[in-house]
Amino acid sequence: MSKFVEVFGAEPDGVWRAPGRVNLIGEHTDYNDGLVLPIALPNQITITGSARTDGVVVVATAGQDGIISFDLDSLSPGSVGDWAAYPAGAAWVLREAQYEIGGANLLVESDLPSGAGLSSSAALLCATAVALLGLRDISVDPAEVARLAQRAENQYVGAPVGLMDQMASMCCTAGHALYFDIRAMSTDQIPFDPAADGLALLVVDVKAPHRHVDGEYAARRQSCEQAAAELGVPALRSIAFEDLDDALSRLSDDVVRRRVRHVVTEIRRVEEAVALMRAGRLRDVGPLFTASHASLRDDFEITVPELDVAVDTALAAGALGARMTGGGFGGCIIALVESSEAPAILTAIEKAFAENTFPTPTSLDATPSPGASRIS
């Protein structure tokens, strides 16, 4: 007997999925109208669903989170809390956008590690949205679903997130990275298939607890906005790389200068990475990863010892490049490595963590995968 039948007592009408993601490069440029380059992971949130006729959504998980139900007509921001705020937020935003969704039974399953910075919240919002739409045979452009999912997280859940995670979850394709220009709201699929070149992209969860995240994120955003105001530009994206030194000389605060330097140089690294990928020179992207990590560590100051040790160890063990990925203060690193060297590099990281009495890290496959879709 399937888990869905066990919980809801009937066969489902369909199954939908939405993946997590990692950002190859472009970290913390998203609220500066920047450029980002994520891939979707094979790890995903899967929702098995059936339609109801009473306007009630019942959400269950395959884990221990219990069963939550809510009436579509009574949804408002804050009316459903905890983990269920995400499926409730997806239902709320679809109704606000005038999509004629109805009640549903939804079973949520996931193989995305929580707390690893792999965008499980965006995946849950997107998976719920595509399931609720799919149950009513409503077709919506993937980018529009991404924008709705962002709105749900901003306005219903109350998290001031950007659009990268949702766009990656909805719009990525297999064997490609998603080149997302946030200012232009344009995307391009950039060939990125490490395995075809004898390479692997390792994602290592360092198991570090996120420390003072909310205040730190807000402080960095405030610094970037302060710098833009002082320089008279709408966002730091408006500062050309060639004009960076001049812009830095006009700022009096050293911390603000370092934040600006990270954003402007990170945008430049995205452009360079895209050019290398288009030319089929994937190995040459590695040093850009490493330069990105140094900038995130020294200028943006969002790494922690576990992330730095993992990156330094991977590089010493032969990685072509490595960097933290995600919001920082914990989470994961990514490392571009020769496929044949991946096991030895992982072993070296595990050994280094043991020597530093850090928690045992875990790794997962980072094959560039497709975005959200119906499975059956």
Checklist entry - in contact with a Pro (Cβ under 7 Å, 6 or more places away or on another chain), within 22 Å of P361 (Cβ to Cβ) and touching a residue at least 24 places away in the same chain (Cβ under 8 Å) - does that describe any residue in the stretch 313-321? => result yes
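Look through D312, D284, D246 and report the one residue that is in a helix (DSSP H, G or I) and either at pLDDT below 95 or loosely packed, with under 13 Cβ neighbours inside 10 Å (or both). Spell out how you get there, then give the answer.
On the way: D312 fails: either at pLDDT below 95 or loosely packed, with under 13 Cβ neighbours inside 10 Å (or both); D284 fails: either at pLDDT below 95 or loosely packed, with under 13 Cβ neighbours inside 10 Å (or both).
Result: D246 is the single residue among D312, D284, D246 that is in a helix (DSSP H, G or I) and either at pLDDT below 95 or loosely packed, with under 13 Cβ neighbours inside 10 Å (or both).
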Item to check | Lone qualifier among L118, L133 - being outside the structural domain of R257 (by TED's automatic domain parsing), more than 20 Å from R237 (Cβ to Cβ), touching a residue at least 40 places away in the same chain (Cβ under 8 Å) and not in a strand (DSSP E or B) | outcome: L118
Checklist entry - Within the stretch 250-279, how many residues turn out to be touching a residue at least 40 places away in the same chain (Cβ under 8 Å) and of a type outside the set (D, E)? => result 11
Checklist entry - Out of (1) within 16 Å of the chain's Cα centre (by Cα); (2) at pLDDT below 95; (3) of a type in the set (A, V, I, L, M, F, W, C), what's the single condition that is false for M167? => result (2)
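Does A152 count as over 29 Å from L201 (Cβ atoms), outside any loop (DSSP other than H, G, I, E, B) and of a type in the set (G, A, S)?
yes
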Checklist entry - Could you give every pair whose Cβ atoms fall below 6 Å, whose first residue belongs to the stretch 183-198 and is among the aliphatic types (A, V, I, L, M), and whose second residue is surrounded by 13 or more Cβ atoms within 10 Å (Cβ to Cβ) and not in a strand (DSSP E or B), counting only separations of at least 6 or pairs across chains? => result I190/V274; I190/M277
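Among the residues of the stretch 96-114 satisfying the criterion of being closer than 30 Å to A208 by Cα and not small (G, A, S), which is surrounded by the most Cβ atoms within 10 Å (Cβ to Cβ)? Talk me through it step by step, then tell me what you get.
Restricting attention to the stretch 96-114, the residues satisfying the condition of being closer than 30 Å to A208 by Cα are 107-114.
Now drop any that are not not small (G, A, S), which leaves 107-109, 111-113.
Working: L107: 25, V108: 23, E109: 18, D111: 12, L112: 20, P113: 18.
It comes out as L107.
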Checklist entry - Could you count how many residues in the stretch 137-192 are surrounded by fewer than 14 Cβ atoms within 10 Å (Cβ to Cβ), of a type outside the set (S, T, Y) and more than 25 Å from I25 (Cβ to Cβ)? => result 5
Item to check | Single unsatisfied condition, S120 versus (1) at pLDDT 95 or above; (2) buried (at least 20 other Cβ atoms within 10 Å of the Cβ) | outcome: (1)
Item to check | Pairs, first buried (at least 19 other Cβ atoms within 10 Å of the Cβ) and part of a strand (DSSP E or B) in the stretch 8-37, second modelled with pLDDT under 95 and of a type in the set (K, R), C-beta under 9 Å, six or more apart | outcome: L35/R183
Next on the checklist: Going by what's in this entry, would E266 be described as modelled with pLDDT under 95, surrounded by 15 or more Cβ atoms within 10 Å (Cβ to Cβ), within 19 Å of the chain's Cα centre (by Cα) and not hydroxyl-bearing (S, T, Y)?
Outcome noted: no
Checklist outcome for this item: Residue hits (the stretch 285-312; closer than 26 Å to D253 by Cβ, polar (S, T, N, Q) and touching a Leu at 6+ places or on another chain (Cβ under 7 Å)) are T303
Checklist entry - Mind checking whether some residue in the stretch 213-226 is modelled with pLDDT under 95, assigned by TED's automatic domain parsing to the domain that holds L315 and among the basic types (K, R)? => result yes
Item to check | Count of the stretch 348-364 residues which are within 14 Å of D205 (Cα to Cα) and in a loop (DSSP other than H, G, I, E, B) | outcome: 4
Checklist entry - If we keep just the residues of the stretch 60-78 that are within 20 Å of S2 (Cα to Cα) and in contact with an Asp or Glu (Cβ under 9 Å, 6 or more places away or on another chain), which is surrounded by the fewest Cβ atoms within 10 Å (Cβ to Cβ)? => result G63
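Residues are listed down the side, and each one gets a yes or a no for (1) of a type in the set (F, W, Y); (2) assigned by TED's automatic domain parsing to the domain that holds L148; (3) part of a strand (DSSP E or B):
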| position | (1), (2), (3) |
| --- | --- |
| G63 | no, yes, no |
| F70 | yes, yes, yes |
| S79 | no, yes, no |
| V93 | no, yes, no |
| Q98 | no, yes, no |
| G102 | no, yes, no |
| N105 | no, yes, yes |
| P113 | no, yes, no |
| T128 | no, yes, no |
Item to check | Residue tally, condition over 20 Å from the mean Cα position of the chain (by Cα) and assigned to a loop (DSSP other than H, G, I, E, B), over the stretch 287-309 | outcome: 1
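The values are calculated or read from the model by the stated rules, or taken from the named source; none is laboratory data. What you are looking at is a predicted structure, and each value in this text was computed from that prediction instead of being measured. Here the Cβ is made from the backbone with ideal geometry for all residues, glycine too, and neighbour counts use every protein chain on show.
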